[in-house]
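S.K.: Sharing a structure below in structure tokens format, with a few things to ask.
Coordinate-derived values only; no laboratory data. Here the structure is a predicted model, which means the values were calculated and not measured. For neighbour counting, all protein chains shown are included, and Cβ atoms are generated from backbone atoms with ideal geometry for every residue, glycine included.
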Amino acid sequence: MSFELTILGSGSSAGTPVVGCRCSTCLSANSKNNRTRCSSLITLGNGKNILIDCSPDLRQQSLRESIKSIDSVLFTHTHADHCHGIDDLRAFCQINKQQIPIYGNKDTIEQLKVKFGYAMSEPNGFWEKPVLNPQIIDGPSQLFGATIIPVPILHGRLLINGYRIGNLAYLTDVSEIPIKSLELLRGLDVLLLDCLRHEPHYTHFGFDQCLEMAKKINAKETYLIHMTHDFEYEALKNKLPKSLYAGYDGLKLSLN
């Protein structure tokens, strides 16, 4: 099935500009240096929308991209910059009068139930809060005709999910990819890959690690995401090797 991916947010937990920062990236007039918190949207050929993570900037991202429906959500993990926009799902429940299924690994789903228990409920005609149906995804699953494959990766000591949809894979907040997960990443057309900053980090790929892993996975195109203000867009774009690109908010990628 053909689909389109929109990078809703390409930034790290602080976003860019960073509050109070006067660096050249944060003061840049280039809109591609404005990075909301990390999230993406898959729009399938049948019109269904699958959100990857609910960043604290979901409302802003939805208004910017004129999103009118979210049909399901894939959560990578439960750190604040990836799930604290969950309350903004209520707008889509209100608009469409339907419950939204959400997916993650076992630990993620259990933590979401604890953090946002008020939102985990069956429809009862009251749409003033999110109405969500939490489900564990631990193997290939069908969503609206698309095959979703969870890709277990390490975020420091935390085991989280990346996701493969068709020949696209989305790997944010990754510091190590187990060998078995690398097997799930063969033959990619597009890879979205964590690249936090220039220096190494114990829970994320730094720049050199990101480039090394991109070379190993060898997707036809790799886009860097989850970036701090360490990276100025034009400077980063000009130093990347062939087939690697700097992601930015609003970038749309079409896949068959």
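S.K.: By how many nm would the segment from Glu110 to Asn238 lengthen if fully extended, with 0.36 nm per residue of separation less the alpha-carbon distance?
M.R.: Extra length from Glu110 to Asn238 when fully extended: 41.8 nm.
S.K.: Over the Cα atoms of the stretch 199-256, how large are the radius of gyration and the largest Cα-Cα distance (Dmax), in Å?
M.R.: For the stretch 199-256, the Cα-based Rg and Dmax read 11.7, 35 Å.
S.K.: Among Phe144, Leu184, Met227, which residue has its Cα furthest toward the positive end of the charge dipole of the chain, with +1 on Lys/Arg Cβ and -1 on Asp/Glu Cβ?
M.R.: It is Phe144.
S.K.: Further question: Note down the relative contact order for the chain as a percent, whole number, built from C-alpha pairs under 8 angstrom at least six residues apart.
M.R.: That works out to 20 percent.
S.K.: Using only the Cα atoms, what convex hull volume per residue in Å³ does the chain have?
M.R.: Cα-based convex hull of the chain, divided per residue, equals 120 Å³.
S.K.: A further question follows. Taking just the C-alpha trace of the stretch 11-68, give me its Rg and Dmax in Å.
M.R.: Expressed in Å, the Cα Rg and Dmax of the stretch 11-68 come to 13.6, 44.
S.K.: Trypsin sites (Lys or Arg not before Pro) within the stretch 141-211: which are DSSP loop residues with at most 16 other Cβ atoms inside 10 Å?
M.R.: Answer in residue order: Arg157, Arg186.
S.K.: How much net charge surrounds Asp53 when only the other residues with a Cβ under 13 Å from the Cβ of Asp53 are counted, with Lys and Arg +1 and Asp and Glu -1?
M.R.: -4
S.K.: Then there is this: Which whole-Hz couplings ³J(HN,Hα) result when phi for each residue of the stretch 106-120 is put into the Karplus expression 6.51 cos²θ - 1.76 cosθ + 1.60, θ = phi - 60°, listed in order with x for Gly and Pro?
M.R.: So the J values, rounded to whole Hz, are 4, 5, 4, 5, 4, 5, 5, 5, 6, 5, 10, x, 4, 9, 9.
S.K.: Further question on the same structure: In the Gaussian network model of the chain, springs joining C-alpha atoms below 10 Å, which of Ser72, Ser31, Ser121 carries the largest mean-square fluctuation?
M.R.: Fluctuation is largest for Ser31.
S.K.: In whole Å, what is the distance between the alpha-carbon centres of the stretch 53-90 and the stretch 96-146?
M.R.: 13 Å
S.K.: Considering the dipole of the chain built from charges on the beta carbon (Lys and Arg +1, Asp and Glu -1) around the Cα centre, which of His82, Pro241, Trp127 is farthest to its positive end?
M.R.: Toward the positive end, the furthest listed residue is Pro241.
S.K.: While we're looking at this one, here's another question. Cα centroids of the stretch 6-41 and the stretch 151-174: how far apart, whole angstrom?
M.R.: Cα centroid of the stretch 6-41 versus Cα centroid of the stretch 151-174: 22 Å apart.
S.K.: Can you return the aspartates and glutamates within cross-link range of Lys252? Criterion is Cα-Cα under 15 Å, with same-chain partners fewer than 8 residues away left out.
M.R.: The qualifying aspartates and glutamates are Glu4, Glu65, Asp189, Glu221.
S.K.: Something else about it: Nearest 500 deg cm²/dmol is fine: what mean residue ellipticity at 222 nm does the chain get from its DSSP H runs of n ≥ 4 alone, each adding -39,500 (n - 2.57), divided by its residue count?
M.R.: Using -39500 (n - 2.57) per qualifying helix, the result is -5000 deg cm²/dmol.
S.K.: Two decimals is fine: what is log10 I(q)/I(0) at q = 0.12, 0.13, 0.20 Å⁻¹ for the stretch 1-100, from a Debye sum with one equal scatterer on every Cα and no solvent?
M.R.: -0.41, -0.47, -0.98
S.K.: Given +1 on the Cβ of Lys and Arg, -1 on the Cβ of Asp and Glu, and no further charges, what dipole in debye does the chain carry about its Cα centre, rounded to the nearest 20?
M.R.: Roughly 280 debye, rounded to the nearest 20.
S.K.: Okay, moving on. A 31 angstrom limit on the alpha carbon distance is what I want to check against. Which of Lys106/Lys216; Lys68/Lys215; Lys113/Lys180; Lys216/Lys237; Lys32/Lys106; Lys48/Lys242 exceed it?
M.R.: Lys68/Lys215; Lys32/Lys106; Lys48/Lys242
S.K.: Looking at the stretch 168-216, which chymotrypsin sites (Phe, Trp or Tyr not before Pro) are DSSP coil and have at most 11 other C-beta atoms within 10 Å of their C-beta?
M.R.: Tyr202
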